[in-house]
1. Does L52 qualify as being within 16 Å of ligand 1 (Cβ to nearest atom) and either modelled with pLDDT under 95 or not assigned by TED's automatic domain parsing to the domain that holds M207 (or both)?
2. Can you pull out the residues in region 45-67 that are in contact with a Gly (Cβ under 9 Å, 6 or more places away or on another chain) and surrounded by fewer than 20 Cβ atoms within 10 Å (Cβ to Cβ)?
3. For region 178-208, name all the residues that are within 16 Å of ligand 1 (Cβ to nearest atom) and either in contact with a Ser or Thr (Cβ under 7 Å, 6 or more places away or on another chain) or under 16 Å from E220 (Cβ atoms) (or both).
4. Give region 248-293 a look and list any residue that's touching a strand residue (DSSP E or B) at 6+ places or on another chain (Cβ under 8 Å) and part of a loop (DSSP other than H, G, I, E, B), or say none.
5. Contact list please: Cβ distance under 6 Å, first residue in region 80-101 and touching a residue at least 12 places away in the same chain (Cβ under 8 Å), second residue in a strand (DSSP E or B), pairs at least six apart or on different chains.
6. Being under 12 Å from V206 (Cβ atoms), in a helix (DSSP H, G or I) and β-branched (V, I, T) is the filter here; which residues of region 219-239 pass it?
7. Which of (1) of a type outside the set (K, R); (2) more than 10 Å from ligand 1 (Cβ to nearest atom); (3) over 20 Å from A205 (Cα atoms) is the odd one out, the single condition V10 does not satisfy?
Amino acid sequence: MGSVVFKSVVKNFGALNVLRSLDLAVPDHKFLALLGPSGCGKTTALRLLAGLDMPTAGKVFIGERDVTRLQPRDRDIAMVFQSYALYPQMTVADNIGYPLWIRGTPEAERKAKIGEVAAILEIGHLLDRRPRQLSGGQRQRVALARAIVRDPAAFLMDEPLSNLDARLRLTMRGEIKRLCQRLSATTIYVTHDQVEALTMADLVAVMHGGELQQMAPPIEIYDRPANRFVATFVGNPPMNILPAGLAEQGVVAGGRTVPLDPARLEACRRAGIVEIGLRPEDCLVAQPDAMNALPGEIYVVEPMGNETLVNVRLEGGNVSVRAGRDFRGAVGENIGVAFDPANACFFNAAGLTAVHRVNSNGREK
Ligand SMILES: Nc1ncnc2c1ncn2[C@@H]1O[C@H](COP(=O)(O)OP(=O)(O)OP(=O)(O)O)[C@@H](O)[C@H]1O
Ligand SMILES: [Mg+2]
């Protein structure tokens, strides 16, 4: 196995600058999710790593090796695509064994290895079938088996679950996580699904517009987003953002002044904050005239079974609140939104998180 490093990697397609200057280091044995919206350059980055494209500038390393100029076959990586890319005329066994066959691995050894990975992925009973005789989830397992069959230095996966239905996606999410933990393989997993990224990865790298926004463990990405983009891209429903100002005693948002402790108030003042960010689960529904609650009216109520999402129109914008499963309320009803400002974060005019939330022990995290 090996670490994976992008060093000042630039990629242009003609006049289009897709990767600006990507610096990213994935430690050995770690599972990194490369997360970002459509078109931000995720697949491009993965293709550069696989050797399917050349960077315009910069270098790519796998382990200690500079692989920038190497052919894909010399890079010792395995890639799993969204489209599985199985050979339709070959049996499952031959599909899995193909990378070994290419390398000239003797038949007996090949068979043993195919049996081994098929057992790991629980597809041993499917080895004689052709891909068309398999379900989507089974095909995905075959594609994974083919990737792991030859112990590559790194696995690259590009949205491998996006062709599966929602239920199967959920199952395979857990399966891939287990598999990667078992293999302890350096993995780069591209997704635009923030839930996949948070649930599966050791590290999440958030990209936007060809630039890395933040790389950190999932919880840190969620609790201490580096900027407004990360804050609103990760989390469902996304973080609520309201314009905010400062008064003598606290933060002014949604038509009220909510008291802030003096240290945080001073930090906000120094940073020149312009917005407040609140996670829906850190907001509470309250009486419209409750102290320190922001007054608003119900915009929409969405019962989820286990909880209720309440969208409230406030001065300055709408906010989502995660309320209990028993919440009842009608559209247009007056309501208050309460929150503990220790759970809020604050953004400056450049969109950077200038003041983070305080953790439950009252310490700045
Ligand atoms: N071969 C190419 N020639 C020209 N432009 C390209 C090429 N490949 C990608 N692009 C452009 O580069 C940008 C990034 O594409 P990329 O496929 O890396 O995005 P992505 O983050 O993987 O998006 P998605 O989530 O939709 O797969 C897009 O604007 C795309 O149109
Ligand atoms: Mg892509």
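The values are calculated or read from the model by the stated rules, or taken from the named source; none is laboratory data. On a predicted model such as this, the values are computed, not experimentally measured, just so you know. With ideal geometry, Cβ positions are generated from the backbone for all residues, glycine too; neighbour counts draw on all protein chains shown.
1. Numbers: within 16 Å of ligand 1 (Cβ to nearest atom): yes; either modelled with pLDDT under 95 or not assigned by TED's automatic domain parsing to the domain that holds M207 (or both): yes.
In short, yes.
2. F61, G63, E64, R65
3. Within region 178-208, V190, H192, Q194, A197, V204, A205, V206 qualify.
4. Going residue by residue through region 248-293, those that are touching a strand residue (DSSP E or B) at 6+ places or on another chain (Cβ under 8 Å) are 249-260, 264-265, 267-269, 271-290, 292-293.
Residues satisfying the conditions are Q249, G254, G255, L260, G272, R279, Q287, P288, D289, A290, N292, A293.
5. Final answer for the pair search is V80/M157; F81/D158; Q82/D158.
6. Within region 219-239, I221, V230, T232 qualify.
7. Of everything listed in (1) of a type outside the set (K, R); (2) more than 10 Å from ligand 1 (Cβ to nearest atom); (3) over 20 Å from A205 (Cα atoms), V10 misses just condition (3).
Per-residue answers, yes or no, for (1) assigned by TED's automatic domain parsing to the domain that holds T43; (2) over 23 Å from L46 (Cβ atoms); (3) within 16 Å of ligand 2 (Cβ to nearest atom):
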{"residue": "G124", "(1), (2), (3)": "yes, yes, no"}
{"residue": "M157", "(1), (2), (3)": "yes, no, yes"}
{"residue": "M200", "(1), (2), (3)": "yes, no, no"}
{"residue": "M207", "(1), (2), (3)": "yes, no, yes"}
